[in-house]
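Have a look at the structure below before the remarks.
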Amino acid sequence: MRTSQLAEQAGVNTQTLRYYERRGLLPEPERELSGYRAYTADAVRTVRFIKRAQRLGFTLDDIEDLLHLAAGGPDHCDAVRSMAGTRIADVDRRIADLRAMRDALDRLVTTCDQPRAQRECPILHGIAHHTPRPEEPHEHD
């Protein structure tokens, strides 16, 4: 299929596809005699995976690692275990952060029944007292 067809089926624009190719997330397709790119059906699945992973909070670097693992990963099982273990720990951190946000939202909904002067916003309180993890960017970064 051509670039525009892939973009339509995957729900992205053509510039996104070219960017994914440049980054190595999407293999560069064969070219037709006319010069048009000729993508396979696998390209649609790959782009949809990339977009879904982004919606789940993964960076393109993370997604590159995930695609590498899905393709068989490094040649040595130790490297696969290490890479997968790092990703599992990251997912667990994200789940914990999302659970904390959900709990804060529950507390916010509960406080809405109180008089305005007694309401507290646990989300703002949590953000104000949040200590960034070492891997999180700071304001001056």
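Screening residue 98 against (1) at pLDDT below 85; (2) exposed (fewer than 14 other Cβ atoms within 10 Å of the Cβ); (3) closer than 30 Å to residue 13 by Cβ leaves a single unmet condition, (1).
Scanning segment 69-89 finds no residues that are acidic (Asp, Glu), within 30 Å of residue 121 (Cα to Cα) and free of Cβ contacts under 8 Å to residues at least 12 places away in the same chain.
Being out of contact with any helix residue (DSSP H, G or I) (no Cβ under 7 Å at 6 or more places or on another chain) and part of a helix (DSSP H, G or I) is the requirement here; does residue 101 meet it? Spelling it out, residue 101 is indeed out of contact with any helix residue (DSSP H, G or I) (no Cβ under 7 Å at 6 or more places or on another chain) and part of a helix (DSSP H, G or I). Comparison of 60, 67 shows that the only residue that is modelled with pLDDT under 90 and either surrounded by 12 or more Cβ atoms within 10 Å (Cβ to Cβ) or closer than 25 Å to residue 92 by Cβ (or both) is 67.
The values are calculated or read from the model by the stated rules, or taken from the named source; none is laboratory data. Just so you know, these numbers come straight off a predicted model, no measurement behind them. Cβ: placed from backbone, ideal geometry, glycine included. Neighbour counts: every protein chain shown.
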